[in-house]
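The values are calculated or read from the model by the stated rules, or taken from the named source; none is laboratory data. Keep in mind it's a predicted model, so treat the numbers as computed, not measured. Reconstructed Cβ throughout: ideal geometry from the backbone, glycine too, with neighbour counts over all protein chains shown.
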Amino acid sequence: MAFRFAAAVVLVVVVALTSAVMEKSNLAQRRRVSQQQYRLDELREQYSQLRSEAQRLGAPARWLDPLEQGRLSLQRPRQPMRAASRATPLLNWMVPTSRDEGALR
Amino acid sequence: MHELGAVNGLSRRRAGWLVTGIGVAWLVVIGRLVQLQVWHQAELEHRAQRQREFVEEIAPRPGDIFDRQGRLLATSVRTRSLYVIPSHIARPWTVAQQLAGALQLDGDDLFERVGRHADKHFLWVKRRLSDDEVERIRELNLGGDWWGFRDEFRRVYPQGAVAAQVIGLRDIDGKGRGGIEESCDAALQGTPGRRVLTRDALGRVIDVCDDPAHPAADGKPVLLTLDTVVQLFAERELDRLVAEWKPESCCAVVLNPHTGDVLAMASRPTFDPNHPENASEDAWKNRAIADIYEPGSTIKPCFVAYGLDQAVLSTDDHFYGERGVYRMGKRLLHDHHPYGDLSLTDVLVKSSNIGMAKIGERLGNQRLHDAATAFGLGRKTGIELPGELPGILRPLGEWTSYSTGSVPMGHEIAVTPLQLITAHAALANNGKLRRPRLVVSQDRDLAELHDVNQPIISPAVAKWLIEGPMHEVITRGTGRLAQVPGYHLFGKTGTAQCLSPNGGYLHGRYISSFLCGAPLENPRALVLVMVNQASGGGEAFGGRVAAPTAAEILRQTLVYLRVSPDEPLPPRMTRR
């Protein structure tokens, strides 16, 4: 009789402890999901800001006049900025400095 | 014995009372538990949920606006806005001074505002804070649940003050005001979502859960037909025109006549949408769709085209110029030169008003009205912008004998610059009137539904006009200043008096306009420049004021579109 009573009590305690552990694990997972969603939001926001800044810097209003006046060269520089070749060679160009212009003359 | 029995009886009674008391107490507890957990369960559960859960709206990110090359014209970045709950503020004066100091606001004003809304649960302190301001607020280490940040979106225009009137603005509440921001607001705005925050007893958020039934949907992107580079050409040349001729206002439109795509639409004065607080009152108007004026001579080719198509006119017709003075009924018409015999071509090349009046007599009011209607005058073009005016085309019943002479000269009717260039686009598009468009529709069926490509004159007539008289306007006529080395242009000048708001005309005030296109065989671009009351230089003639600007915009556009020149370019090409 006492044994059965003790076994029932132990069973209830084990079930309660197991549910507590599972609940804790569940909450921890939800916290991680929330954190990832927060990180995703932050990354999306960072992407928007960087894209906006890139578009602003590359706006035709900034480079059209220098291009037409010859102050912007689309020619490939003699010294590439990177040693390895790029898949997008046009990205190698840069605005010539006064030193470069003197050397070219 | 008797005493022992009596004592036992008393003890049993006391024990009985005690057990009964304990039993009753338990019953009370059980009853209270039943009351709380069964009878009042729903109400208490709801109250607890209200205390621990808080529903927050998730603001949707507005959609981006792109030009035809994929350049970003408008986008949104997240900012934080600071709010307080005045009813929860214990020391409003201290709070107001603290916040005002961090945000560089007036402390007294803030205190007054908080006091005025003392019973409210929400009050904006400052919206769209910079990162520094957010940091300063965080450094104050404000505790409690009486304040918070809310995420909002600030609109940014990376291309600067380009096509400002076409794009429009989003106001502080995220609503589109003017331009594409307003007309496409339903698509751009998106749908807000909901998020449930779970708080502990101290008000700290312990769980965040997006409501799956109300997810946030970001706004859809909008793709425009504008080309930022062509737009820049137009804006730059308008700035030069303004510096030289100092007009009240001016505008330029660049259109592809075959597709109806608007490549550029610029107005002056203008504003920078990134700093709308600096805009003048008249900078908001998109003059290409919201200014109406009498087109004057620029509309003449359309009436001639209609007459030829109706076989009322013939390409080898001649009209006598009456040596510059012609009595037409009660009125006396004048030409600026005393012309004699004029061919139909010369009527347009020399822009003879008397020649056009005689053409009007031959066509008659009915056909003139039909011609104006066929070319889209008197009704909106349907472009996807708010605030477009339909122009003025009076009903035929209100026309008089004066109208027969006036309308072919471009008087007694009023058009917007967009209507005028659309009418001419029909001539450049083999006689088919095309609806101008600014938005590239993602929905193909909807695009087909809205597409208009209506034949109004025969291709042969359109071709003759473009390659004949309108080309000769440039080579030997009133548009000689619009000649572009290497390209064969066609065009038409216009100089019309300004309408007075009280009726009649303003003395000495003119609208100078010029429309041109190229190449002749297959026009790729049309440009219209309209100048309202040029005051510098003592000139008003469209061929002098507007023509050079329109030609330069066209030249740059043709080079940018890589249209091959019609003849070899001279050895040294310099800008005007």
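A few points about this structure:
- Matching entry among B:Ala551, B:Ala540 (being more than 14 Å from chain A (Cβ to nearest Cβ) and not in a loop (DSSP other than H, G, I, E, B)): B:Ala551
- Checking the stretch B:244-260 against the condition returns a match, with at least one residue being over 30 Å from B:His369 (Cβ atoms), of a type in the set (Asp, Glu) and not assigned by TED's automatic domain parsing to the domain that holds B:Ser76.
- Residue-level check: of (1) more than 14 Å from chain A (Cβ to nearest Cβ); (2) over 14 Å from the mean Cα position of the chain (by Cα); (3) under 25 Å from B:Leu226 (Cα atoms); (4) of a type in the set (D, E, K, R), B:Glu139 misses just (3).
- Looking only at residues of the stretch B:224-267 that are hydroxyl-bearing (Ser, Thr, Tyr) and under 24 Å from B:Arg435 (Cβ atoms), we find that the one that is modelled with the lowest pLDDT is B:Thr259.
- Filtered residues of the stretch B:286-297 (kept if under 26 Å from the mean Cα position of the chain (by Cα) and either farther than 17 Å from B:Leu528 by Cβ or not in a loop (DSSP other than H, G, I, E, B) (or both)): B:Arg287, B:Ala288, B:Ile289, B:Ala290, B:Tyr293
- Residue pairs meeting the criteria (Cβ under 9 Å; at least 6 apart or on separate chains; first facing another protein chain (nearest Cβ under 8 Å), in the stretch B:60-82; second among the aromatic types (Phe, Trp, Tyr) and not in a strand (DSSP E or B)): B:Leu72/B:Tyr157; B:Thr75/B:Tyr157
- Scan of the stretch B:213-268 for residues that are away from chain A (no Cβ under 14 Å) and of a type in the set (Ser, Thr, Tyr), ordered by number: B:Thr225, B:Ser249, B:Thr259, B:Ser267
- Exactly one residue among B:Ala357, B:Ala372 is more than 30 Å from B:Ile180 (Cα to Cα) and in contact with a helix residue (DSSP H, G or I) (Cβ under 9 Å, 6 or more places away or on another chain), and that residue is B:Ala357.
- Any hit, the stretch B:395-404, residues being more than 15 Å from B:Ser297 (Cβ to Cβ), of a type in the set (A, V, I, L, M) and surrounded by fewer than 24 Cβ atoms within 10 Å (Cβ to Cβ): yes
- Test: B:Arg61 is basic (Lys, Arg), farther than 21 Å from A:Glu42 by Cα and not in a strand (DSSP E or B): no
- Per the listing B:Val77, B:Val34, the residue uniquely more than 24 Å from B:Ala213 (Cα to Cα), assigned to a strand (DSSP E or B) and not small (Gly, Ala, Ser) is B:Val77.
- Here the helices (runs of 4 or more DSSP H) wholly within the stretch B:142-249 that include at least 3 residues being farther than 30 Å from B:Leu129 by Cβ are B:228-245.
- Any chance A:Ser52 is polar (S, T, N, Q) and at pLDDT below 85: no
- Residues located in the stretch B:37-58, provided they are among the hydrophobic types (A, V, I, L, M, F, W, C) and either part of a loop (DSSP other than H, G, I, E, B) or within 30 Å of B:Leu99 (Cα to Cα) (or both): B:Phe54, B:Val55, B:Ile58
- For the stretch B:150-173, the candidate set comprises residues that are more than 13 Å from chain A (Cβ to nearest Cβ) and touching a helix residue (DSSP H, G or I) at 6+ places or on another chain (Cβ under 7 Å); within that set, the residue that is nearest to B:Pro192 (Cα to Cα) is B:Arg170.
- Failed criterion for B:Ser343 (all others in (1) of a type outside the set (A, V, I, L, M); (2) under 37 Å from the mean Cα position of the chain (by Cα); (3) surrounded by fewer than 21 Cβ atoms within 10 Å (Cβ to Cβ) hold): (2)
Results for (1) part of a loop (DSSP other than H, G, I, E, B); (2) modelled with pLDDT of 90 or more; (3) surrounded by fewer than 24 Cβ atoms within 10 Å (Cβ to Cβ), shown as yes or no for each residue.
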| position | (1), (2), (3) |
| --- | --- |
| B:Ala462 | no, yes, yes |
| B:Met470 | no, yes, no |
| B:Val473 | no, yes, no |
| B:Lys492 | no, yes, no |
| B:Gln497 | no, no, yes |
| B:Gly503 | yes, no, yes |
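- Taken as a whole, the condition of being within 25 Å of B:Gly410 (Cα to Cα) and part of a helix (DSSP H, G or I) does not apply to B:Leu313.
- Among the residues here, B:Leu348 does not qualify as farther than 17 Å from B:Glu467 by Cα and in the same structural domain as B:Gly504 (by TED's automatic domain parsing).
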